[in-house]
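Written below as structure tokens is the structure these notes are about.
No lab work stands behind these numbers, since they all come straight from the coordinates. The structure presented is a predicted model; accordingly, all values stated were derived computationally and were not measured. Glycine also receives a Cβ, built like all others from the backbone with ideal geometry; neighbour counts cover every protein chain displayed.
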Amino acid sequence: MKAKIFYTLSLALALTALATLPARAADEPAGPSAADIVKQSLAKYASLTSYSDEGVTVSTLGPTIAKSHIFTLKLGRTNLYQVVWRQAGEISGAAWSAGTGDYLWMGRGFDLQKCKDRETALASATGVSGGVAANLPGAFFNLSWGGLLRAHQTDFTRAPDDKVGEVDCFVLTHAADGRANTVWIGKQDWLIHQIENDTSSKAVRAALEAQAAKNPQIRAMLDSSDPQVSQDVKTIETHRNIVINPPLTPGNLDFQLPARMAL
């Protein structure tokens, strides 16, 4: 039940745009500005012919882990991609294109969908994948939505530098209206290594209220006064085993449904 509630919260938040944020702070660390770091990172993704990594997302609802899954991500020019996420050792969803169409499968109980385009497939997968289907694909494919760097490239401020594992990173943040986003970008490779999204309970409720008129399930949840609706939400997305320009082919991007779930 808790996971189902969090899925609804994630979907509502994914459908709500972030507000415009304050200007750059005056006390940022020495070195490149936040805007320059974003520019360099976007240019790096634009220069790649392909990209792959794997990682983990951990989402919490208040003090409780509501959802945790591992993922694999493969991206290639010009419209090749595969995003697969797993929970408890089982594949729980995927979005992909091997060059013959854009597909989405959201796990057990859902039908395989052929989407009209890449943006539809990735946007539909954003909430259930914990944001994995939006953030790096948004940067790699230069999408006008989804990717934090492009969506807020003039709004970030620099925080103190930090590490993700052994990787030295610039840290960029922005916050407004009960929401905060933090991005760790490698100093050597200019790639995203970690993203943290924090949403206050007030902002969670506002996002749900905005969607309630179109979704009876959300209205029922709000009217129930369930205390879990009034919790802060946090998601941390960590990217590991990054490979630049791997030899991807349509054949190894064509996702196959698990045998017992295949249509």
Rounded to two decimals, the Rg over Rh value of the stretch 87-131 from Cα coordinates and the Kirkwood Rh reads 0.96
Kindly give the semi-axes, whole Å and largest first, of the ellipsoid equivalent to the stretch 123-196, taking each as the square root of 5 times a Cα gyration tensor eigenvalue.
20, 15, 12
All-pairs alpha carbon distance profile, the stretch 73-149, 10 Å steps from 0, percent
21, 57, 21, 1
Which entries of 74/116; 44/163; 44/114 have Cα-Cα distances beyond 27 Å here?
44/114
Dipole-positive endmost among 48, 60, 82 within the stretch 42-91 (Cβ charges, Cα centre):
48
For the stretch 167-184, what does the Karplus curve 6.51 cos²θ - 1.76 cosθ + 1.60, with θ = phi - 60°, yield as ³J(HN,Hα) per residue in whole Hz, taken in order and with x for Gly and Pro?
8, 6, 10, 6, 10, 10, 9, 8, 8, 5, 6, x, 10, 9, 10, 10, 10, 9
Would you compute, for the Cα atoms of the stretch 72-210, the largest minus smallest coordinate along each principal axis and list the three values in descending order, in whole Å?
44, 40, 32
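Going by average Cβ density within 10 Å per residue, which order do the peptides 133-139, 40-46 take, highest to lowest?
The densest-packed peptide leads the list: 133-139, 40-46.
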To make sure I understand the rule: partners must be aspartates and glutamates, Cα under 15 Å from the Cα of residue 187, and not fewer than 8 residues away in the same chain. Which ones qualify?
36, 161, 162, 166, 168
Scalar couplings 3J(HN,Hα) for the stretch 100-109 by Karplus 6.51 cos²θ - 1.76 cosθ + 1.60 (θ = phi - 60°), nearest whole Hz, x for Gly and Pro, are 10, x, 10, 10, 9, 9, 9, x, 3, x
Can you sort 237, 90 so the residue with the fewest Cβ neighbours within 10 Å comes first?
90, 237
